[in-house]
Amino acid sequence: MSGYIVKRLFTTLLTLLGVSIIVFLMVHLIPGDPVTYILGEFATEEAVNKLKSELGLDKNLLIQYFVFLLGVIQGDLGTSYITGLSVIEEIINRIPVTFQLAVFSLIIGSIVGILLGIIAAVKQNTIFDQLAMLISLVGISAPGFWIALFLIYLFSYLIPIFPISGYDGIYSLILPSITLGLGTSGNIARMTRSSMLEVIKQDYMRTAEAKGVNVFQLIFGHALQNALIPVITLIGIQFGNLLAGAVVTETVFALPGIGSLAIDAIATRDMPTVQGLVLFMAFMFIVVNLIVDIFYSVIDPRIKYE
Amino acid sequence: MKEELLEVSDLKTHFPIQKGILKRNTGFVKAVDGVSFKLAKGETLGIVGESGCGKSTTGRSILRLINPTSGSVKYKGKEVTSLSKGELLKLRKEMQIVFQDPYASLNPRITIASILEEALSTHSIGKDKKERREIVLQLLERVGLNRQLANRYPHEFSGGQRQRIGIARAIAVNPTLIIADEPVSALDVSIQAQILNLFQDLQEQMGLTYIFIAHDLSVVKHISDKIGVMYLGRMVEYASKDDLFSNPSHPYTQALMSAVPVPNPLMKKEKISLKGDVPNPAAPPSGCTFHTRCNACMEVCKTIKPKDIEISPGHVVSCHLYDSAYN
Amino acid sequence: MTTNLLELLEKNPEAVDEDDLLVVENLVIQFAAEKKSHVRAVNHVNFNLKKRETVALVGESGCGKSITSLSIMGLIPKHAGDVLGSIRLNNKELNGLSPKKMRQIRGKEISMIFQEPMTSLNPVHKIGKQIGEVIRLHTKASKEEIKVKTIEMLKKVEIPRPDKIINDYPHQLSGGMRQRVMIAMAMACNPSLLIADEPTTALDVTIQAQILDLMNDLKDQFDTTILLITHDLGVVAEVADRVMVMYYGQIVEEAEVTTLFTQPKHPYTLGLLNSIPNLEENKDRLDPIVGNVPNLGEITEGCPFRFRCQFALEKCSTENPPLFNIEKQKVRCWLFEEEGEVS
Amino acid sequence: MSGIITSKNIDPSLIHLQKNNTKSYWQIVWGRLMKNKGAMAGSFILIFFIGAALLAPVLAPFPIDEMKMENRFLPPSLDHLLGTDEFGRDILSRIMHGGRISLMMGLVAVSIAGITGVVLGVISGYYRRIDIYIMQMMDILLAFPSLLLAIAIIAVLGVGLTNAMIAVAISVIPSYVRVVRGAVLSIREKEYIEAVQALGVSDFKIIVKHIFPNVLSPVIVLSTLQFGTSILAAAALSFLGLGAQPPTPEWGAMAYVGKSFLLQAWWMSLFPGLAIMLVVLGFNLLGDGLRDALDPRLK
């Protein structure tokens, strides 16, 4: 098992390195010179050179990258061109909202999704199945912003029980979490259903039936653990989509998370912030998938011994 | 004395086991680990053994569908293992293969006529489309299929019929040697016999040489002139059919023969039962790889690999029991 | 084995009837097909299994042998197909039993082992748990007793180091070992009937010999009746007392094992025996059955084997023959109309 | 015992074969698809929207940019079925025209990603030496959640419709590579590939004639589903103000504008959103149906 984890950690490091290169290049390939952007077009050459050397932009690209990488390793993601604040501090200030939002939606999405999936699989080809699958399909097909606007109109305007926008404690995260959770549950429900149907066909299910196991044990004792293996992976991937989806949701609900920070940064072409955010989100995504992979070997004994 | 068509000596095919983060090679699966035999034109060599013994890899290594690690394969006196791409194409016309699974061995998207036509056009057989079409139809009839079925897709045929198509594809280029890898093991009993007869008919008509790979000793015995018994990558015994059955010498051969159930309830054989399972080919036992299951295991077997010993002309056994040095 | 039973029959031919463990009468299994029609996978099958007997049900793929065994286990879901006729175990009707009652019989009175040991065990549960479950379901044993019994069963199927194996997962065992685990699981509650569906087909021949030996030993130890489903006539000759040959959903011949191999009557049985190469004989050429195994629903009238039969009569294309009794042998073929009597 | 030979030489499976006309794989798939209710419903939705988009210049009741201040914020009525926006423009007409942009965005993204992904996937699956490099690249791309990747790309390329399309296309590529590579790997192992290798058929021919047609089914399914996903992603970008810019009648951009007027004119944002959902639903239904129809296990 430890060998497997070491292997995963190593590939994760490689991926992280690749991600850092891409994020770094992204900013340096950008058309337009950040110095001109900061100082305006009519800055003196002296001021330009001074800023360039301050920002380390006069060195060659490779050195710039290593300086950047060194900073990243020490937790320094640079300083915002606009606010002059440290990017990492900005992120740390904003992350609790996004993190709570992602976790709540993941919980809602997983519970609803797995339940819908099980019902659909067990009652395959009945009206329950069709209904569950239609709900999931709508969840997947509906744009997040549309669900958000719909919920706001319904539960903040027509029946005003939730705030329209802004952040004022966990209560304000309920509608946003439902918004994100709905889309997630659709994907999870579909995966659970198909995985469950696949497992039900397996020989070992027939063995269990031949032992005299009842339907409840058959589903929860024998099928579910096997069926959840691919679902767990999906949940990991969904976490990434939730981070990205938070960009939309936070914008609609005006929540002070990293998603709205990203949109503001792009609007103001604040590249260090964009760079830091993208790197941070990719990092989070990779770490979550690593955790999922390790958790995987807990529910699937076959993986440990590879 | 017939001229040797194929001479395989000390053939080895090892697959690296890649482990760890850098995909370092931590070892090898010695799928084929020193196989030697000779085969004359028109003969049939049966290779028999249990799963994981390397019999299929042997066949594919001879064909160079897998590149062997070392050893030599001489076809008509010419070394096969070092052929260039162009020369290999010529070899493909001489040597063909028939597969085990009649469902996986035909491309489901194209008609059987175009499956066969491709074999012809690859080797420029037939002047034009029309002529090739006629050859295709003749091929179908030759393997016992109606020529009206040429434009059908594989899924419309039964397992036995598909295997006939697979055979037609192999003989389409008019080869000399056909390697048949478990060609009847996926078929129903009544169909098996049809296909075995077809193999025999084609051998007679076309003077084919076969390497017939199977796990079923009865089938191998039925069709072969010579038989090689494989265990964990090694050919433990190699002899003419009559020699092998009148005087099975390797303890594994003896056990294998006694384990095959005979469809005759009045004949109750004395069984030599083997302990345990076939070991993992990635971590084969030291010395003689069979010593963990052998009923006649000696101390020496645990440490030293046995040599091939010719106990009578053409009858080779790889076992210390026949080595005068240890007895 | 075989000789014992034969002796018994000669001494007291009547006594065996009361020994019927399983009686199958007029078993029909049909599946819905296109346009509201039905396809019959099993068509009026009758047989009985006597206590402590090993009976082989032989046939090629699609002949209905596996589906017959699943119907005895009550494992054909209602929405998948209809099971008609009577299946009686110790004079108790099983067909139509409530799912709950049937569950009490499965694994306890009738158990089953399958063809693919590699996929027949749940990959995420430990061996001990999987064997223990069947004991837990059918007895009131405590946790400790279950563990003791599990280890005892593993010993019975000759698995080395059973106290360690119970903590292993299936993927850590070889195919032969997994089939032993399946057998341990099947025998754990001492069933009166064991259905073995191609139990050795997926195994190597030396392992097959081990498993067949083991099944024979356990059968004597546990007084179990075995219904062996197989396509391998070699295996049949080695372990069965009585044989039933199936073709296209019907039993076409039934006889004691020696009778079947020495005096096969149905052209299909004859054809099968001529088709297989035999290690003990030298044949230059095999004498196969012509044509292909028909798909279900392809033949609607007459004897389904007539297309492949060398002896087909005019009558065969219009009327499906009944089973004719010829002494203790039964054969479904018009050739024996005069010799035998309709059963 | 000599029987009168009646029909013994006729092979019943041959009778069966001669009765029916031969059907190619694609004909069978088509037959299955026509029986799939979901796929038919999906196709119906798509035909409806594609038709409306194509015929928008003819069928749309109003010009897209006709502003009438007296008609501002009209709720849905017989005159304006879906209401009007803050400039008095007819929302139905704008949605019909917007369909052209949304569908075009989906088409372009899927085409770019599909072609790149299939080429990379086939190479990666067939030539194992290059595989490790391509897959490491894809792993890096996959490390970014796809919408985030698209946002990052727009941050580099700048805001706009074309850039949004490119961004969405790039973010979709890894999923194509994965699917195609997986399919190639499983087909490579098939004995029919070994058989043509044994015949000496060239790699190029093997890929084109034997591997590609068998990879086509998963690619078709994926493309259908990705069509929907791409439209969704493009709309989300426009909604964030990163894609199409108002007054372009792109659905996401319309919802973006409508968001500000949600409480006084819900129809401005909810109807364009509904259009997106229906189109994406159509693609998902069709994709699911195709998946079932193309499933080799159903053979």
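Being surrounded by fewer than 19 Cβ atoms within 10 Å (Cβ to Cβ), of a type in the set (S, T, N, Q) and in contact (Cβ under 8 Å) with a residue 60 or more places away in the chain narrows it down to one of B:Ser84, B:Ser121, B:Ser72, so name that one.
B:Ser72
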List every residue pair whose Cβ atoms sit under 6 Å apart, with the two residues 6 or more apart in sequence or on different chains, where the first one lies in segment B:134-160 and is in a helix (DSSP H, G or I) and the second, anywhere, is of a type in the set (Val, Ile, Thr) and open to solvent by less than 30 Å² (accessible area, probe 1.4 Å).
B:Gly160/B:Ile191
Let me spell it out: the conditions are (1) buried (at least 24 other Cβ atoms within 10 Å of the Cβ); (2) facing chain A (nearest Cβ under 9 Å), and D:Ala233 meets all of them except one. Which number is the exception?
(2)
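Residue check: is A:Phe162 in a loop (DSSP other than H, G, I, E, B) and open to solvent by 30 Å² or more (accessible area, probe 1.4 Å)?
So A:Phe162 passes the test.
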In segment C:212-239, how many residues are more than 11 Å from chain B (Cβ to nearest Cβ), hydrophobic (A, V, I, L, M, F, W, C) and either open to solvent by less than 10 Å² (accessible area, probe 1.4 Å) or not in a helix (DSSP H, G or I) (or both)?
5
Given (1) at the interface with another protein chain (Cβ under 10 Å from one of its Cβ atoms); (2) touching a residue at least 24 places away in the same chain (Cβ under 8 Å); (3) open to solvent by 20 Å² or more (accessible area, probe 1.4 Å); (4) within 30 Å of D:Ile276 (Cβ to Cβ), index of the condition D:Met165 fails:
(1)
Hey, could you check segment C:262-275 for residues that are farther than 15 Å from C:Pro321 by Cβ and more than 9 Å from every other protein chain (Cβ to nearest Cβ) and say which is surrounded by the most Cβ atoms within 10 Å (Cβ to Cβ)?
C:Pro264
Looking across segment B:237-263 at residues that are away from every other protein chain (no Cβ under 13 Å) and in contact with a strand residue (DSSP E or B) (Cβ under 7 Å, 6 or more places away or on another chain), the single one that is nearest to B:Ser224 (Cα to Cα) is B:Ser240
Top-ranked residue of segment C:240-250 - restricted to ones that are touching a Leu at 6+ places or on another chain (Cβ under 7 Å) and closer than 17 Å to C:Phe324 by Cα, ranked as surrounded by the most Cβ atoms within 10 Å (Cβ to Cβ)
C:Val243
For residues in segment C:302-328 being open to solvent by 10 Å² or more (accessible area, probe 1.4 Å) and away from every other protein chain (no Cβ under 12 Å), which is farthest from C:Gly64 (Cα to Cα)?
C:Glu327
I'd like the full set of residues that are away from every other protein chain (no Cβ under 14 Å) and on the phi < 0 side of the Ramachandran plot, limited to segment B:118-131.
B:Lys127, B:Asp128, B:Lys129, B:Lys130, B:Glu131
More than 14 Å from chain C (Cβ to nearest Cβ), loosely packed, with under 14 Cβ neighbours inside 10 Å, β-branched (Val, Ile, Thr) and in contact (Cβ under 8 Å) with a residue 12 or more places away in the chain: is that true of B:Thr289 in this structure?
no
Mind checking which helices (runs of 4 or more DSSP H) fall wholly inside segment D:1-116 and carry at least 2 residues that are at pLDDT below 85?
D:12-19, D:25-35
Among the residues of segment D:244-254, is there at least one that is assigned to a helix (DSSP H, G or I), in contact (Cβ under 8 Å) with a residue 40 or more places away in the chain and of a type in the set (Ser, Thr, Tyr)?
no
Can you list residue pairs whose Cβ atoms sit under 8 Å apart, with the first residue in segment A:210-233 being under 14 Å from C:Val124 (Cα atoms) and polar (S, T, N, Q) and the second being open to solvent by 30 Å² or more (accessible area, probe 1.4 Å) and not in a helix (DSSP H, G or I)? Count only pairs 6 or more apart in sequence or on different chains.
A:Asn226/A:Gln202
As an exercise: evaluate C:Thr259 against (1) in a helix (DSSP H, G or I); (2) more than 12 Å from every other protein chain (Cβ to nearest Cβ); (3) open to solvent by 10 Å² or more (accessible area, probe 1.4 Å) and give the number of the one condition it does not meet.
(2)
Name the single residue, out of those in segment B:187-216 being aliphatic (A, V, I, L, M) and within 10 Å of chain C (Cβ to nearest Cβ), that is nearest to B:Phe37 (Cα to Cα).
B:Leu196
Residue check for B:Leu266: in contact with a strand residue (DSSP E or B) (Cβ under 9 Å, 6 or more places away or on another chain), at the interface with chain C (Cβ under 9 Å from one of its Cβ atoms) and within 30 Å of C:Leu273 (Cβ to Cβ):
no
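Name the single residue, out of those in segment A:12-30 being of a type in the set (S, T, N, Q) and more than 7 Å from every other protein chain (Cβ to nearest Cβ), that is farthest from A:Val292 (Cα to Cα).
A:Ser20
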Filtered residue count, segment B:145-168, keeping only those that are more than 13 Å from chain C (Cβ to nearest Cβ) and open to solvent by 10 Å² or more (accessible area, probe 1.4 Å)
5
Hey, can you tell me all the residues within segment D:209-221 that are within 12 Å of chain B (Cβ to nearest Cβ) and within 24 Å of the chain's Cα centre (by Cα)?
D:Ile211, D:Phe212, D:Pro213, D:Asn214, D:Val215, D:Leu216, D:Ser217
So, restricting to strands (runs of 3 or more DSSP E) that lie completely within segment C:38-133, which ones have at least 3 residues that are open to solvent by less than 10 Å² (accessible area, probe 1.4 Å) and farther than 22 Å from A:Asn214 by Cβ?
C:38-50, C:54-58
Hey, A:Gly78 modelled with pLDDT of 85 or more, under 22 Å from D:Ile140 (Cβ atoms) and among the small types (Gly, Ala, Ser) or not
no
Residue by residue through segment D:46-90, note down the ones that are of a type in the set (Phe, Trp, Tyr) and open to solvent by 80 Å² or more (accessible area, probe 1.4 Å).
D:Phe48
Restricting to helices (runs of 4 or more DSSP H) lying wholly in segment A:218-306: which have 3 or more residues that are touching a helix residue (DSSP H, G or I) at 6+ places or on another chain (Cβ under 8 Å) and open to solvent by less than 20 Å² (accessible area, probe 1.4 Å)?
A:224-253, A:258-267, A:271-299
Restricting to segment D:207-218, name every residue that is buried (at least 20 other Cβ atoms within 10 Å of the Cβ) and either within 27 Å of B:Ala172 (Cα to Cα) or out of contact with any helix residue (DSSP H, G or I) (no Cβ under 9 Å at 6 or more places or on another chain) (or both).
D:His210, D:Ile211, D:Asn214
What is the number of the single condition among (1) assigned to a loop (DSSP other than H, G, I, E, B); (2) away from chain B (no Cβ under 14 Å) that C:Glu298 does not meet?
(2)
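The values are calculated or read from the model by the stated rules, or taken from the named source; none is laboratory data. The structure presented is a predicted model; accordingly, all values stated were derived computationally and were not measured. FYI the Cβ positions are ideal-geometry reconstructions off the backbone, even for glycines, and counts take in every protein chain you see. We work out accessible area using only protein heavy atoms, side chains counted, and drop any ligands, DNA or RNA first. Shrake-Rupley method; radii C 1.70, N 1.55, O 1.52, S 1.80 Å.
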